[in-house]
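Visitor: Structure below; questions to follow.
The values are calculated or read from the model by the stated rules, or taken from the named source; none is laboratory data. Computed from a predicted structure; not experimentally measured. Cβ: placed from backbone, ideal geometry, glycine included. Neighbour counts: every protein chain shown.
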Amino acid sequence: MGKVERDWIQVSHEMVTLIGAGAIPQRPWPVEPVALGFRFGGVGTPATVHWHATPAATALPDEPLVLLIASAAVERLFGPLPADTTRSFHISAELREIMMAVHDCTLPEPVREPYRLAKSIELLCDTLRLIGEGALVPVLGQCQLSRDDSRRVLAARAMIDERWREKLTLAGLSRACGLNRSKLTRGFREMFDCSIADTLAEKRLEGARAMLLSTDLPIASIGYRCGYLNNASFSRAFTRRFGTAPTQYRARKLAA
């Protein structure tokens, strides 16, 4: 009796969809591929998608749905490849529906293969779009946050992105997103690989840099609008970040 192989859907010369369990057919892969491996999950196990920067047949044993795509095609269609090559993400309800349409398709041939082909393209596009938009919740490692707590950490990040000009504090963010300060601090660093303070400072300094070039407001006024209580602290922070004081930065850029 022959070895059971996965279904192989040749979407194009740059993309293949692997469906089901079993061995991967011995066929040519796309050139320099990356992969998205999908798991349906179960009781106590989340449904996830995992980004494989350098996929190999031995690395895809438990993923019943895999998209293999040439890295050049991903960059051409969606921009730079994800910087973090080890992340897994919780799957949204919308992605799960597309997954099931590909994996559990019962249409007869000759309709079945082109239907799966089209749905595979839809799954690829929606998954990479959602990852790029930061709309999928990462599966965390050491912090062991639940999916709900992961969403609360994302809510804290959204507050920083939207309200960085305000006087935001760790205590205030913690109350607003519904996580204690310790869990929020650990979860934020795990999810974004930086601290809350560093993220807030970066948003404020980038905002200040933009205002220096696009307005003629006084330096002190820009610092205040960007969340700094006095000009000295703003100037110190700006100089550490960009290597020159705000006044010199504005003068040099305007003279260029």
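Visitor: Scan segment 237-252 for residues that are more than 15 Å from LEU217 (Cβ to Cβ) and modelled with pLDDT under 90 and report the count.
Guide: Of the residues in segment 237-252, 1 are more than 15 Å from LEU217 (Cβ to Cβ) and modelled with pLDDT under 90.
Visitor: For segment 89-122, how many residues meet the condition of being charged (D, E, K, R) and at pLDDT 95 or above?
Guide: Summing the residues that are charged (D, E, K, R) and at pLDDT 95 or above in segment 89-122 gives 3.
Visitor: Of ASP84, ASP62, which residue is under 24 Å from GLY187 (Cα atoms) and at pLDDT below 85?
Guide: ASP84
Visitor: Yes or no: SER182 assigned to a helix (DSSP H, G or I), surrounded by fewer than 17 Cβ atoms within 10 Å (Cβ to Cβ) and not β-branched (Val, Ile, Thr)?
Guide: Against the criterion (assigned to a helix (DSSP H, G or I), surrounded by fewer than 17 Cβ atoms within 10 Å (Cβ to Cβ) and not β-branched (Val, Ile, Thr)), SER182 qualifies.
Visitor: Which one is farthest from PRO114 (Cα to Cα) among residues in segment 6-53 that are of a type in the set (D, E, K, R) and part of a loop (DSSP other than H, G, I, E, B)?
Guide: Of everything passing the filter in segment 6-53, GLU32 is farthest from PRO114 (Cα to Cα).
Visitor: Now for a separate question. Just one of VAL102, VAL66 is under 25 Å from ARG129 (Cβ atoms), part of a strand (DSSP E or B) and aliphatic (A, V, I, L, M); which is it?
Guide: When all the criteria are applied, what remains is VAL66.
Visitor: Same structure, new question: Being surrounded by 14 or more Cβ atoms within 10 Å (Cβ to Cβ), in a helix (DSSP H, G or I) and in contact (Cβ under 8 Å) with a residue 12 or more places away in the chain is the filter here; which residues of segment 161-173 pass it?
Guide: Residues satisfying the conditions are LEU170, LEU173.
Visitor: Of everything in segment 129-147 that's under 11 Å from HIS90 (Cβ atoms) and of a type in the set (Gly, Ala, Ser), which residue is modelled with the lowest pLDDT?
Guide: Ranking the candidates gives SER146 first.
Visitor: While we're here: Can you name the residue in segment 54-81 that is more than 18 Å from LYS119 (Cα to Cα) and β-branched (Val, Ile, Thr) and is also surrounded by the fewest Cβ atoms within 10 Å (Cβ to Cβ) among such residues?
Guide: THR58
Visitor: Restricting to segment 188-245, what's the tally of residues that are among the basic types (Lys, Arg), crowded, with 18+ Cβ neighbours inside 10 Å and closer than 20 Å to GLY172 by Cβ?
Guide: The qualifying residues number 2.
Visitor: What is the number of the single condition among (1) more than 30 Å from the chain's Cα centre (by Cα); (2) assigned to a helix (DSSP H, G or I); (3) at pLDDT below 90 that PHE234 does not meet?
Guide: (3)
Visitor: If you check LYS203 against the conditions, is it at pLDDT 90 or above, under 27 Å from the mean Cα position of the chain (by Cα), not polar (S, T, N, Q) and not assigned by TED's automatic domain parsing to the domain that holds SER88?
Guide: Spelling it out, LYS203 is indeed at pLDDT 90 or above, under 27 Å from the mean Cα position of the chain (by Cα), not polar (S, T, N, Q) and not assigned by TED's automatic domain parsing to the domain that holds SER88.
Visitor: When you check VAL153 against the structure, is it in contact (Cβ under 8 Å) with a residue 60 or more places away in the chain, closer than 30 Å to SER92 by Cα and not polar (S, T, N, Q), yes or no?
Guide: In short, no.
Residue-wise test of (1) within 17 Å of the chain's Cα centre (by Cα); (2) of a type in the set (S, T, N, Q).
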| position | (1), (2) |
| --- | --- |
| TRP29 | no, no |
| PRO33 | no, no |
| THR48 | yes, yes |
| HIS52 | yes, no |
| ILE69 | no, no |
